[in-house]
2 protein chains.
Amino acid sequence: MELLFKDLSAELKNRRIHPSYQRIKVLDYLNKNQCHPTVDQIFKDLQREIPTLSKSTIYNTLNLFLKSGLIKVINIENNDAHYDIITKNHGHFKCESCGKIFNFSIDLNTFTTEELSGFKIIDKNVYFKGICPRCL
Amino acid sequence: MELLFKDLSAELKNRRIHPSYQRIKVLDYLNKNQCHPTVDQIFKDLQREIPTLSKSTIYNTLNLFLKSGLIKVINIENNDAHYDIITKNHGHFKCESCGKIFNFSIDLNTFTTEELSGFKIIDKNVYFKGICPRCL
DNA sequence: TCGTTTTTTGTAATGATTATTAAATACTAT
DNA sequence: ATAGTATTTAATAATCATTACAAAAAACGA
Ligand SMILES: [Mn+2]
Ligand SMILES: [Mn+2]
Ligand SMILES: [Zn+2]
Ligand SMILES: [Zn+2]
């Protein structure tokens, strides 16, 4: 535990982010909950441990992590953003029944098309929608 | 012009949508502006032709078209939704400088993975982000 | 310890979308 | 044609996620 905190702290320092208590807690949460949580889920769960926590801090922290490339944001619907600690390229499947977001591996690094020859590609995203096995 | 209106009208009737003047105008707009416009762009442009037009009508109409599968919605950022009259599967590239959304052809129909073997896939989406040639 | 910077917190503002309801229009049957 | 009914549009209010802002708290450095 002590050790884990040190690891998280080091991870933040690597990214030139000052490892405050709240930031470490958010990073810890994202590491333990790799289910693509929303701001609300993160806030409600962490608030039980940190009663004085503010939702603004969650937004600030996530945007900070985003800028440094520590996490990625998933926008499938235009309502709630989901956050992903796994930054290596992979696809997402969102169940339209239970709302759960699943990972699947897909390699888009190989994909190129002459239609985008003059374009500078920074980011590639793939997501499917449908019904998960549990809901079928 | 008269003929075009008839075509659009027939298209709506096919989908069991009553072809009102506003609905035909929105469909006409989407046909002529295949650049993935937002609600605001559609509203502002059509308002010049139809001074009494309401933004609610745009929302209602687009949601109606969406339900019937006549159009598709593009959610790349979580701010403004863009609408696409082209419903056959293709990829989108959003320029982070000018905001423009480009089409490119990509075939995901063939893509399968055993990770999603038990899943019912309804919809597949691909979008890239980066800088377009004009902005480079 | 004092002054400065950073971080957190609380609240207000923003903005896109939806909900609601009344007005306008289209349709139907007498 | 007319009256009554159903549909569509318009205007406005409500919702809700996110951002902006400013004060309080904490960390830092001399
Ligand atoms: Mn993921
Ligand atoms: Mn398109
Ligand atoms: Zn499900
Ligand atoms: Zn551009």
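The values are calculated or read from the model by the stated rules, or taken from the named source; none is laboratory data. Predicted, not measured: the structure shown is a model, and the values here were computed from it. We place every Cβ from the backbone using ideal geometry, glycine too, and count neighbours over all the protein chains shown. We work out accessible area using only protein heavy atoms, side chains counted, and drop any ligands, DNA or RNA first. Shrake-Rupley method; radii C 1.70, N 1.55, O 1.52, S 1.80 Å.
I'd like the full set of residues that are within 14 Å of ligand 1 (Cβ to nearest atom) and within 14 Å of chain B (Cβ to nearest Cβ), limited to the stretch A:53-76.
A:K72, A:V73, A:I74, A:N75, A:I76
Could you look through the stretch A:63-109, keep only residues that are outside any strand (DSSP E or B) and charged (D, E, K, R), and pick out the one that is farthest from A:D40 (Cα to Cα)?
Selected residue: A:D107.
Out of (1) within 16 Å of ligand 2 (Cβ to nearest atom); (2) on the phi < 0 side of the Ramachandran plot, what's the single condition that is false for B:S97?
For B:S97, the failing item is (1).
Taking the conditions exactly as written (touching a Leu at 6+ places or on another chain (Cβ under 7 Å) and of a type outside the set (K, R)), does A:I58 satisfy them or not?
Considered against the rule, which asks whether it is touching a Leu at 6+ places or on another chain (Cβ under 7 Å) and of a type outside the set (K, R), A:I58 comes out as no.
Name the residues in the stretch A:92-104 that are open to solvent by 20 Å² or more (accessible area, probe 1.4 Å), more than 15 Å from the chain's Cα centre (by Cα) and at the interface with chain B (Cβ under 9 Å from one of its Cβ atoms), would you?
The one that is open to solvent by 20 Å² or more (accessible area, probe 1.4 Å), more than 15 Å from the chain's Cα centre (by Cα) and at the interface with chain B (Cβ under 9 Å from one of its Cβ atoms): A:E96.
So which residues in the stretch B:110-121 are assigned to a strand (DSSP E or B) and open to solvent by less than 90 Å² (accessible area, probe 1.4 Å)?
B:I121, the sole residue that qualifies.
Among B:L46, B:L64, B:L70, B:L30, which is touching a strand residue (DSSP E or B) at 6+ places or on another chain (Cβ under 8 Å) and at pLDDT 95 or above?
Only one candidate qualifies: B:L30.
Go through B:N33, B:N79, B:N89 for me and flag whichever is within 14 Å of chain A (Cβ to nearest Cβ), surrounded by fewer than 17 Cβ atoms within 10 Å (Cβ to Cβ) and within 22 Å of B:R15 (Cβ to Cβ).
Checking each option against the conditions leaves just B:N89.
Every residue in the stretch B:105-131 that is facing chain A (nearest Cβ under 7 Å) and of a type in the set (G, A, S), please.
B:S105, B:G118, B:G130
Return the residue satisfying two criteria in turn: it lies in the stretch B:62-76 and is hydrophobic (A, V, I, L, M, F, W, C) and open to solvent by less than 20 Å² (accessible area, probe 1.4 Å), and of such residues it is nearest to ligand 4 (Cβ to nearest atom).
The qualifying residue nearest to ligand 4 (Cβ to nearest atom) is B:I76.
Just wondering, is there one or more residues in the stretch A:105-128 that are within 14 Å of ligand 3 (Cβ to nearest atom), under 24 Å from A:V39 (Cβ atoms) and more than 15 Å from the chain's Cα centre (by Cα)?
Yes - at least one qualifying residue is present in the stretch A:105-128.
When residues of the stretch B:42-61 are filtered for being surrounded by fewer than 17 Cβ atoms within 10 Å (Cβ to Cβ), of a type in the set (S, T, N, Q) and assigned to a helix (DSSP H, G or I), how many remain?
Of the residues in the stretch B:42-61, 3 are surrounded by fewer than 17 Cβ atoms within 10 Å (Cβ to Cβ), of a type in the set (S, T, N, Q) and assigned to a helix (DSSP H, G or I).
How many of the residues in the stretch A:83-136 are touching a residue at least 40 places away in the same chain (Cβ under 8 Å), aliphatic (A, V, I, L, M) and either within 16 Å of ligand 4 (Cβ to nearest atom) or touching a Ser or Thr at 6+ places or on another chain (Cβ under 6 Å) (or both)?
0
Let me spell it out: the conditions are (1) of a type outside the set (V, I, T); (2) in the same structural domain as B:I122 (by TED's automatic domain parsing); (3) within 16 Å of DNA strand C (Cβ to nearest atom), and B:K100 meets all of them except one. Which number is the exception?
Among (1) of a type outside the set (V, I, T); (2) in the same structural domain as B:I122 (by TED's automatic domain parsing); (3) within 16 Å of DNA strand C (Cβ to nearest atom), B:K100 violates only (3).
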